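Have a look at the structure below, then the notes.
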Amino acid sequence: MADDTAIALQALLKQMQTLTDKVEAQDKRLDDLHKFNGRILDEKKDLERKQTAPAAKQPDPADPATDAKINRLAEAGLSRVGNEWRRDGKPAHIITREQARDPKTYQIAKLAAEMSGQTMQIERDDDATDTHRRERGEVDTSAQKVIFDRDNNRAYMRRDVMAKDRSQYRALRNQNIIVESFDTLDDLPEHLRGNPDG
C-alpha cells in the first residue's frame with residue numbers, strides 16, 4: 001500500500017514538474033511577445049509621426065514671437081550653427097526616447113526643429129540603455145520559495161512563486177507578516193544570505 005502511494009506521489013511530482021516547465025515556457029513566450037509588441041507599437045508611432053508631421057517651414061524673422069523662441073532656445077543651452085540649433089555639437093531636434101520622456105527636453109527639441117525648419121526626430125535607443133523597457137533579471141529557482149526573517153517579522157518570497165501562488169502570500173499577510181519578493185539571494189538582506197532559514 002505504501003509503495004502504491006509512493007509511486008502515485010512520484011507520478012504526481014513528475015506531472016507537476018512537466019506542468020511547471022510548460023508554464024515557464026509560456027511565460028517566456030509571453031514576455032517575448034510583449035517585447036515584440038512594444039517594438040511594433042514604437043515603429044507604428046514613428047510611422048504615424050512621419051506621416052502626420054506638417055511640412056517644416058522656416059520661421060518668419062519679422063514675427064515678434066520668433067525672438068522669444070530664440071531666447072528660449074538660448075536659455076536651454078542650445079547654440080545656433082548656421083540654420084540649425086545644436087546641443088553639445090549634435091542637432092537639438094534629434095533626441096532619444098529616454099529624452100523624449102522628459103516634457104521639457106521634448107518641448108525644446110520640438111521648438112529647435114521648428115526654428116531650424118526641420119522635423120523633430122526620436123532615435124531608437126539600445127535595449128540595454130532603455131530603462132523603460134528593461135526586464136527584470138532571471139529568478140534563481142534553486143533558492144527556497146519562502147525565506148523567513150523572524151526577527152523583523154518578514155518573509156521573502158521568490159517573485160515567480162508570489163506571482164503564481166497568491167494563496168501563500170495571503171496566508172502570510174493574514175498572519176501579519178510583511179511579505180517582500182526577491183529574484184536571487186543577493187536581493188535578500190545581508191544577514192539572510194548565508195542563513196536563509198532566518
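Here, each number is a calculation from the coordinates, and none is a lab measurement. Keep in mind it's a predicted model, so treat the numbers as computed, not measured. Note that each Cβ is placed from the backbone with ideal geometry, even for glycine, and that neighbours are counted across all protein chains shown.
Here are the numbers for the structure shown:
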quantity	calculated
Sequence-distant lysines (8 or more away, or on other chains) whose Cα lies within less than 17 Å of Lys28	Lys164
Neighbourhood charge, 14 Å Cβ-Cβ cut-off, centred on Leu172 and excluding it, Lys, Arg +1 and Asp, Glu -1	+4
Residue order, fewest to most beta carbons within 10 Å, for Ile94, Ile7	Ile7, Ile94
Rounded, prolate or oblate (a/c below 1.5 giving rounded, otherwise prolate when a/b exceeds b/c) for region 146-193 by Cα gyration tensor	oblate
